[in-house]
Structures are given as structure tokens and as C-alpha cells.
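Here the structure is laid out as C-alpha cells; the discussion comes afterwards.
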Amino acid sequence: MKKLLENGAILVGHSLHNDLRVLKIDHVIVVDTAYIFQSSDGSIHKRPSLNNLCKAVLGYEVRKDGAPHNCLDDARATMELLLARVKHGVDKDFPVQLQEPVSESDMARLFLHNIPTTVNSETLDKVLPGEYTIEVKPSRKAGQRNNKYCAFAIFKNPLEAHNAYENIQGTELKDTNGKPQKLVKFQLDTGNTASIFVRKAAPHEPRDSISLKRGLQTDDEDHISKKSKREDDAQLNEIESLNERLKESESETASLREQLKQKDLDIEALTLQLSKKDFEINLLNKMVASLKKRR
């Protein structure tokens with residue numbers, strides 16, 4: 001690969017950072033089709049799959065559902081995407097609709113994730129406001145070791161799901177794709193506190209997109225992904241801790257202000273008493289001076 005990339009060769013591909021990381025190659029002249037196209041909503045948080053991008057730009061799929069992966073087809077597709085971008089004009093916007101519109105059934109669901117396995121579906125029935133049913137989402141990872149799982153809260157209609165999301169008490173955050181979500185804490189019957197993340201459900205990700213990501217993922221990437229997840233969890237815990245400290249500080253500040261206000265009232269009362277005493281002293285001095293004159 002290093003020989004092929006000598007003498008200013010231009011490397012073209014899709015999500016090349018994954019491949020270059022595995023190969024331990026740092027190549028400067030790169031054209032990545034995952035970056036040179038943007039979605040119609042301007043989102044930069046989620047890179048499009050190669051198959052979705054080809055359907056949106058070139059009008060065909062690189063790989064049909066269930067077909068085996070062919071790296072040569074992928075390489076040709078990325079080159080055709082690059083040529084389409086150049087033909088359109090690299091300095092012009094090339095908005096692409098990369099996702100299907102959210103269906104009504106999707107909008108009637110809330111996605112619950114990072115749920116501790118100690119929290120069962122009966123407990124989840126009491127966490128959100130409104131009436132809904134819980135559908136546990138099967139994990140793609142066999143023998144999941146992080147003791148967490150995901151589920152959907154399914155409401156009668158999108159309005160009820162929207163109202164439930166708006167009314168639930170939680171910390172406003174964003175997930176790794178930049179989508180808004182809430183960190184919701186609640187108390188278990190055991191007296192312990194648990195927390196989950198709640199966000200509005202997104203459209204289903206195509207199977208081919210998932211298989212492509214899984215096909216490219218390596219043990220190193222999996223390790224990096226888990227490390228990133230741990231770092232995200234640590235940051236969230238730090239945010240929670242800082243929020244708690246902020247609340248405590250605000251409470252202490254309010255208490256000190258109340259004490260200061262009381263001290264101000266005490267000082268005002270003492271000042272008034274002192275003023276009265278000064279008046280009495282002046283009055284007594286005048287009376288003494290008057291009696292001396294009479295003598």
C-alpha cells in the first residue's frame with residue numbers, strides 16, 4: 001500500500017479513516033466520499049453509508065439486500081461518486097436526501113437505551129408519563145458484557161409520544177449522532193437510583209448499511225468504540241456530578257444571601273438604637289448645661 005501511495009497518489013474511498021487506522025498508514029492526499037457529500041438537513045454528525053449515498057446520487061445500489069460484499073464494487077462506486085461531485089461542481093452545494101422520512105409508527109415510539117439489566121420492563125412501565133407498551137430491542141452483540149440493553153416505548157400515536165418526551169423530567173443532552181435526548185433518573189423499589197437515556201425514535205437503518213459497518217469493523221475499532229463509550233459515560237457522570245455541585249452551591253449561596261439580609265436588618269436595627277441613644281445623650285447634655293446656667 002505504501003508503494004501504491006507514493007509520488008502524490010490520490011486515495012479515494014468511503015470512510016477511509018477506518019481502513020487507514022487498521023493499516024497504520026497516514027496518507028495526506030485523500031478524497032473521502034463520506035465527507036464530500038452532506039445530507040439535505042445539513043447534518044454532519046452522521047456519515048452516510050456507501051449504499052445509501054449511491055442510491056441518492058447515482059440512482060442504484062452497490063449491493064442488493066443479502067448479496068455478498070465485493071470490495072471492487074465499492075471502489076468503483078466511490079470513484080463514480082467523486083466524478084459526479086466534480087461534474088456538479090465542487091464549490092457548489094450538493095444536498096442529498098440520505099434517509100427515508102420518519103414514518104408515523106416510528107414517530108409514535110421513544111427509544112430507551114443504556115438501560116441497566118437490573119431494570120426490568122415492569123419498572124420501565126412506570127418511568128415515562130402516559131400509556132405505552134415496552135418492546136425490548138434484541139441486542140446484536142451476543143453475550144453483552146456491559147450489562148445494558150435497549151427498548152422502545154410504543155404509544156398510541158405520535159402526539160402522545162411527543163408529549164411524553166416533552167413532559168418527562170431529565171437532563172437535556174445529545175447522543176453521538178447529535179440527536180437530542182434526555183438523561184432520566186428514577187428510584188427503584190430497592191431504594192437505589194437508576195438512569196436511562198430517552199430520545200425520539202429515528203427511522204430504521206437499512207440492513208446493508210449495518211452489514212457494511214460490521215464488515216469494516218475490526219477488533220481495534222471495536223476497542224476504540226468501547227473506549228469512546230466509556231469516555232462518554234465518564235463525561236456524562238462528570239456532568240451529573242458538576243450539576244449536583246452547582247445545585248449545592250446555588251443552595252449555599254441562597255442561604256448566605258438570606259443570612260446577609262438578616263445581618264443587614266440587624267445592623268439597621270442597631271443603627272436605629274444607636275441614633276436614639278445619641279439623641280438621648282444630646283438631650284441630657286443640654287439639660288445639664290441649662291441647670292448649670294441657673295446656678
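Could you please rank Val22, Val127, placing first whichever residue has the fewest other Cβ atoms within 10 Å of its Cβ? Could the numbers behind the result be given before it?
On the way: Val22 14, Val127 19.
Least crowded to most crowded, the residues run Val22, Val127.
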Which of Ile25, Ile115, Ile154 comes first, and how do the rest follow, when ranked by fewest Cβ neighbours within 10 Å? Ile25, Ile154, Ile115
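Based on the Cβ-Cβ distance from Ser290 to Asp264, what FRET efficiency comes out when R0 is 35 Å, to the nearest 0.05?
Numbers: r = 39 Å, r/R0 = 1.12.
So the FRET efficiency works out to roughly 0.35.
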In whole angstrom, how far apart do the alpha carbon centroids of segment 1-40 and segment 248-295 sit? 80
Using DSSP to define loop residues, name the trypsin sites (Lys or Arg not before Pro) in segment 155-196 whose beta-carbon has at most 14 other beta-carbon atoms within 10 Å. Lys156
Within segment 11-96, pairs of Lys residues whose Cα atoms are less than 27 angstrom apart, provided they are eight or more positions apart or on distinct chains, add up to 9
In this structure, the FRET efficiency calculated for Asp91 and Asp26 from their beta-carbon separation, with R0 = 35 Å, to the nearest 0.05, is 0.80
Under the definition of Cα pairs under 8 Å and six or more residues apart, what whole-number percent is the relative contact order of segment 11-96? 34
Virtual spin-label span in nm between Glu248 and Met79, 7 Å along Cα→Cβ: 6.3
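With r defined as the distance between the Cβ atoms of Arg257 and Gln169 and R0 fixed at 35 Å, what FRET efficiency is calculated, to the nearest 0.05? Provide the component values of the computation, followed by the final result.
Working: r = 27 Å, r/R0 = 0.77.
Result of the calculation: an efficiency of 0.85.
We did not get these values from a lab; they are worked out from the coordinates using the rules stated. What you see is a predicted model, and the numbers here were worked out from it, not measured in a lab. So basically every Cβ, Gly included, is an ideal-geometry build from the backbone, and we count neighbours across all protein chains shown.
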